[in-house]
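Undergrad: There's a structure below that I have some questions on.
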Amino acid sequence: MANTHPMDRQAVYDDYERARQTFHRLLETASEADLVRPTSGTRWTNEQLLWHMLFGYLLLRPLLVLGRVLGRLPRSVGRTFARLLNAATVPFDFVNYVGPVGAVKIFGPRRMAATFDRVIASLHRRLAAESEAGLARGMHYPVRWDPFFRDFMTLADIYRYPTQHFDFHHRQLTLANGR
């Protein structure tokens, strides 16, 4: 059942800005040794995990498109799609792991920071343009892909997702000045 209360957009904007400032601080204070140090609880280095944290925000745009499209179809279509994605968890996990490993070879810290700024600005504009009815639309998600995916999520839930993802992984960083 969709949430009938208006979304607190300012709280989402504030969370995005907090994450953006934190991301910049982490990159600015990390030494080369910090960036190549293993993280706590992942197979990534700090630099790779930072990329993955950025990717959570980059992923929001395609998730919103899926939510808009599948949110207009019968729920059984979305449920079937989520089941298919859940069945593909093993290849997803592999791609999810190797993506940041390769991305940091292309995106250095400066480029990651600039990308974070651009994606946050874009998300601010997108959220400002959303109607309450649009934010209430939703779809089923592959719950095996991410601990923050629930079986059914509205677009309002999806707008909150990347900051939950960011905060979770922030605790796994092992940067000298990162916490």
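The values are calculated or read from the model by the stated rules, or taken from the named source; none is laboratory data. On a predicted model such as this, the values are computed, not experimentally measured, just so you know. Positions of Cβ are generated from backbone atoms using ideal geometry, with glycine treated the same way; all protein chains shown enter the neighbour counts. Surface accessibility is based on the protein's heavy atoms, side chains included, excluding ligands, DNA and RNA. Shrake-Rupley method; radii C 1.70, N 1.55, O 1.52, S 1.80 Å.
Undergrad: Mind checking the dipole of the chain: about its Cα centre, +1 per Lys or Arg Cβ, -1 per Asp or Glu Cβ, Debye to the nearest 20?
TA: Numbers: 24 positive and 16 negative charges, 91 e Å.
Here the size comes out at about 440 debye.
Undergrad: Cα axis of helix 89-106 to longest principal axis of the chain: angle in degrees, 0 to 90, nearest 10?
TA: Between the helix axis and the principal axis of the chain, the angle is about 40 degrees.
Undergrad: Say we join alpha carbon atoms closer than 10 Å with springs in a Gaussian network model of the chain; which of VAL119, VAL101, VAL69 then has the biggest fluctuation?
TA: Taking springs between Cα atoms under 10 Å, the residue moving most is VAL69.
Undergrad: May I ask you to give the solvent-accessible area per residue for region 12-117, in square angstrom, as obtained with a 1.4 angstrom probe?
TA: I get 52 Å² per residue for region 12-117.
Undergrad: Turning to a different aspect of this structure: To test your reading of the geometry: what angle, between 0 and 90 degrees and rounded to tens, separates the Cα axis of helix 75-87 from the longest principal axis of the chain?
TA: Approximately 30 degrees, to the nearest ten.
Undergrad: Here's something else I'd like to know. For region 16-75, what Kirkwood radius comes out of the mean inverse Cα-Cα distance, in Å? Show your work: numbers first, answer last.
TA: On the way: mean 1/r = 0.0736 Å⁻¹.
In region 16-75 this quantity evaluates to 13.6 Å.
Undergrad: Counting only protein heavy atoms, what percent of the accessible surface of the chain is carbon or sulfur at a 1.4 Å probe?
TA: C and S fraction of accessible area: 59 percent.
Undergrad: Using unit Cβ charges (K, R positive; D, E negative) and no other charged atoms, how large, in debye to the nearest 20, is the dipole of region 56-156 about its Cα centre?
TA: Rounded to the nearest 20 debye, it is 200 debye.
Undergrad: Helix 155-170 versus the longest principal axis of the chain: what angle, 0 to 90°, nearest 10, using Cα atoms?
TA: Approximately 20 degrees, to the nearest ten.
Undergrad: Moving on. Consider just the alpha-carbon atoms of region 94-179 and return their Rg together with their Dmax, both in angstrom.
TA: 15.4, 44
Undergrad: What is the Cα radius of gyration of the chain over 2.2 N^0.38 Å, N being its residue count?
TA: Numbers: Rg = 16.8 Å, N = 179, 2.2 N^0.38 = 15.8 Å.
Dividing the Cα Rg of the chain by 2.2 N^0.38 Å gives 1.06.
Undergrad: Further question on the same structure: Rounded, prolate or oblate: which fits region 52-140, taking a ≥ b ≥ c as square roots of the Cα gyration tensor eigenvalues, rounded meaning a/c under 1.5, else prolate when a/b beats b/c? Present the calculation step by step, with values, prior to reporting the outcome.
TA: On the way: a/c = 4.66, a/b = 1.26, b/c = 3.71.
Cα axes put region 52-140 in the oblate bin.
Undergrad: Using the Cα centre as the reference, give the magnitude of the dipole from point charges on the C-beta atoms of region 1-45 (Lys, Arg: +1; Asp, Glu: -1; all else neutral), rounded to the nearest 20 debye. Spell out each step's value before the answer.
TA: Working: 6 positive and 7 negative charges, 30 e Å.
The calculated dipole for region 1-45 is roughly 140 debye.
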